[in-house]
Structures are given as structure tokens and as C-alpha cells.
Amino acid sequence: MTASYDFAIVGAGIGGASLAAGLASHGRVLLIEAEDQPGYHATGRSAAFWTESYGGPQVLPLTTASFAFLDRNGLLGPRGALTLARADEASGLADFVAEFAGLGVRVEPLDRAALEMRLPGIKREWTLGAFEPDCCDIDVGALHQLWLAQARRGGADLQCRARLASLGSSGNRWQLRLADGREYSAAVVINAAGAWADDVAAIAGLSPLGIQPYRRTMCQLRVGCKVPADLPLTLAFDGSWYFRPEGNRLWLSPHDEIPSPPCDAAPDEIDIAMAIDRFEHAVDWPVLAVERKWAGLRSFAPDRLPVYGFDPRAPGFFWFAGQGGFGIQTAPAAADLALGLLLGSAAGAVDPGPYQPHRFF
């Protein structure tokens, strides 16, 4: 007998978990995850931080609206974000500061003397900067588990090792079949499959939206000096690297975006070497060892905005995808926005218009 649900969510990462938590009190929820455990891919590999400028002005409303939830649940730790620039980037940095300050973000320009106070050992080529004092670390694991626990308490049915094989509509319901033969039906299917979002659409017989996964590389360094406890998240203005402390170690990324098929992403040695070379051009801290390295996938729609809403071509098919590298810091507001659309209730704090899939048709 086919089990029947009101909502079937494909993907149990941060996006799928947030919607399962919100929907569980409004109907029967099925949450399916292809891997052995939820959050194996992008969610479990995030070096997440909350900073309002990340993702750009059109993502800013989602980030800002997410702060209260993250703060109220004790998921944030103070960090600060320091952006470094060279002399020939002065005009662009000034525009960056003016744009985000005009949008209400606390951001202040810094000269060389101020940079030296915030970042010991900074190399001479970095002469200008900007500081965002409100940037915070996010406890990603705790956020994900909070929503999974809420979903379970509400009666949501989480099925792992549940790879989708077929998906089709019949009447006003969707029929789902898994690779192992299990079958389910649901009134609404929510595509929260991350890097696999276009693949899920294809299984449903829909042409893709062009959501492209990109590989992002990270490594953990042991360095030959004491890592300051108050070291901010430190980024290059040109987007070529960033690093942040993790205890007495550093997490470093070359901020790469390498197009990739959906997969279990793995780091490439050339990208690790590139990251270390860029780090050594930023500060004079000797690198003693690369202790860990990993990679994850960040998925973007063609306009680099998330996709939240019902597909106009297929009643009951809902997109919750394309969150790029800002999916964690925007997750609470994105969930509120999506729940409003799914339940036909009052909209949340953010206008859903810019993010709905009908913009592609």
C-alpha cells in the first residue's frame, strides 16, 4: 500500500529540515534523504558565518531577517568580518562600504594603521580595508539538529538511504518511487535537493532552471604563531580567499567556484596549494601543516538568487533551491518565506517576489 502524505520534501539538508519543522504541524510530512544521514553534503561542510554583505544586496533582506531566530536560539558567536584591499582597489572598496552602509549594514572603512591593529602580520600590499562588527559564527550542526528534532516531534517521517527514482503527477497528487521500490504519494513535492535540484526536476519531467553546482575547497591549517582569539573572518576584496579561526587553527578557502556535476565533492590538491599561496601573500604566519581538507558544493541559479516557490508548469511542485553559499545564514527567513507560500498564509518579513521561479519563464 502506498503511504500518503500532504508534503514530500526531497533533501534533508538545512533547507529540507527547516521546512519539515515548519510544516509538521500542518499536515503529514515525508522527508527523504538519499544519503545515510541528513546534511552529508553542503550543510555538513559549511564554514558558516552570518554577515550581511555576503551574497549581495538582493540576498541581504533574507540575511538580516534571519538574525533574530539565530540569536534567540543561541546559534551565533561574535566574530566580525575584515575585508582587505590593495591601493588599486580603493574605488571599489569605497563603493562597497557606501552601498552596504546605505542599506543599514554596520561597515566602517579602515586605513593601514587600523588593519595592522586588527590583523597582526599583515603583508604590506594590503593598505585599505572594511570592518563589519556584526559578523557572527553560526553553529550549523546545532541549527540543523534543532529543525530535525522539531520535525520529529511534529510527526514528520524522515527516511534516509531514500534515493528518488521516479516522480510523476496523477490527478492532484504526486507519486514518488524510490530506488529500493518504496512508494509514496503527496499533494505537494518540495525540491530541496541542493546540487541535485535540477535532477529532481528532470525526474518529474520538468526542464531544469539552470541551477549549477560549484565546488568550494576548504582546509584546516596549523600555523607557526598563536591564532588571536578575536581574529575576525578575513576576506580578500577581490574574492580570491578567506580564512577564519577554528580554535587555535585556521580554516582557509581559495573562495573557488569550480563548475561540477552533483557529486560527493572532494578537494583538488592544486586548489589547496592555491589557497596556501594566497594566504602567504596575506600574512606572514608560517604554515606548519595542512591538517584537514574537504570540499562542498554551492549551487546557484543563473541570476545567483535563490529559487523559492511553486513551479508555474506543474501544480504542487515547489522549488526550494539555489541558495549558493548563503543558505545557512538566510535559512530562517527563507523557511518563513517558503512556509507562507506553501500554506497560503501571511508573508514573512521578506518579499518573496524576487526569488520565485516564474522569473525564469
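Values in this text are rule-based calculations from the coordinates and carry no lab data. The structure presented is a predicted model; accordingly, all values stated were derived computationally and were not measured. For neighbour counting, all protein chains shown are included, and Cβ atoms are generated from backbone atoms with ideal geometry for every residue, glycine included.
General observations
- Segment ARG177-GLN145, length gained on full extension (0.36 nm per residue, minus Cα span): 8.8 nm
- Simple spin-label estimate for ALA3 and TRP294 gives 2.8 nm between the two label positions (7 Å along the Cα-to-Cβ direction from each Cα).
- Model label sites at LYS226 and VAL287, defined 7 Å from Cα along the beta-carbon direction, differ in position by 2.5 nm.
- Sorted largest first, the spans of the alpha carbon positions of region 194-350 along the three principal axes are 58, 32, 25 Å.
- Sites ILE270 and ASP36 - FRET efficiency at Förster radius 35 Å, r taken between beta-carbons, to 0.05: 0.70
- Extent of region 72-161 along its three principal axes (Cα atoms, max minus min coordinate, largest first): 56, 31, 28 Å.
- With each label modelled as a point 7 angstrom along the Cα→C-beta vector, the LYS123-GLN159 pair spans 5.3 nm.
- Theoretical FRET efficiency, 1/(1+(r/R0)^6), r = Cβ-Cβ of ALA98 and ASN248, R0 45 Å, to 0.05: 0.75
- Segments 109-117, 142-150, 157-165 sorted - mean Cβ within 10 Å per residue, highest first: 142-150, 157-165, 109-117
- Neighbour counting of Cβ atoms within 10 Å sorts the residues THR2, THR330, fewest neighbours leading, into THR2, THR330.
- In a simple Cβ point-charge model (Lys, Arg +1; Asp, Glu -1; nothing else charged), the chain has a dipole of about 820 debye relative to its Cα centre.
- When DSSP beta bridges are restricted to pairs lying wholly in the chain, around 70% turn out antiparallel.
- Among 231-237, 246-252, 220-226, 57-63, the order from most to least packed when residues are scored by Cβ within 10 Å on average: 231-237, 57-63, 246-252, 220-226
- Cβ-derived FRET efficiency at R0 56 Å, SER25 paired with GLU280, nearest 0.05: 0.60
- Measuring how big region 168-256 is from its alpha-carbon positions, Rg and Dmax come out at 21.6, 65 Å.
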